[in-house]
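The next block holds one structure in the form of structure tokens; read it before the comments.
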Amino acid sequence: FPVTICRRGVSRPFMKLQLITRRVTHQHAGQWIRQALSLLRHNPVLIGITCLMYLLILLVTMLPAGPLISVLLMPIVTAGFYQCVVDALQKKTPVASTLFGVFQQPQARKALLTLGAVRVACVLPLMLLPQAVTINAELQQFNYDPLALLLVVAYFSFYTMLFAYAEAIIYFLGERNIMQALRASLDSCWKNVLPLTVYGAMLFGGTLVEIS
């Protein structure tokens, strides 16, 4: 994962994890890209698993209330995908069935479904925000509301940082306190906002180059 979240210790008798994060420099952004490309090059099956994951999400969104259902189940599928990545890093062959492996783990499943419910609650305000951009294809007009656009970008940025590492913290570190996992995710992103911004910009720029 781009930002390392360390488990400092476990306090008894309540088994509460004490999570700490570390800061990295903007130079790590390029390193993350190179590591990801190297991993995909040596494990092309991950590309197929990624496509399968997004295809399943797309199919679910076509169902009645599908978009909310996909958000609810996203943490479980994401944790399964992370496990595929870990398997690849450990020189194991990733398999597509791992995407659904969390469904067979009661404690992790319950925690991740709870996280999914929190995701749904946080997505709803995005739907209530005013439409920031309107496009009239017939008149070839492109209009946007600066204030609405600012609100959408600000809230979406907060939403992204809040959940960026929550699945990994819950699944791999065994944190069952949802609020603690969300705080750790937000703290990790905030402490490393510069390298993560550079990382995102590099991905976006690379995508634009590929499209063009």
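Taken together, the values in this text are just the output of simple stated rules run on the coordinates, not laboratory data. Note that the coordinates shown come from a computational prediction; the quantities given were computed from them, not determined experimentally. For neighbour counting, all protein chains shown are included, and Cβ atoms are generated from backbone atoms with ideal geometry for every residue, glycine included.
Per-residue Karplus couplings for region 63-71, computed as 6.51 cos²θ - 1.76 cosθ + 1.60 with θ equal to phi - 60°, are listed in order as 7, x, 6, x, x, 6, 5, 5, 5 Hz, Gly and Pro entered as x.
Spacing of the modelled spin labels on Leu126 and Tyr54, each 7 Å from Cα toward Cβ, amounts to 1.6 nm. Here the extension length gained between Asn177 and Met202 equals 5.7 nm, from 0.36 nm per residue of separation less the Cα-Cα distance. In a fully extended conformation the segment linking Ile69 and Gln31 would gain 10.2 nm over its present Cα-Cα distance, using 0.36 nm per residue. Each label point was placed 7 Å from the Cα along the Cα-to-Cβ direction; for Val95 and Tyr155 their separation is 4.3 nm.
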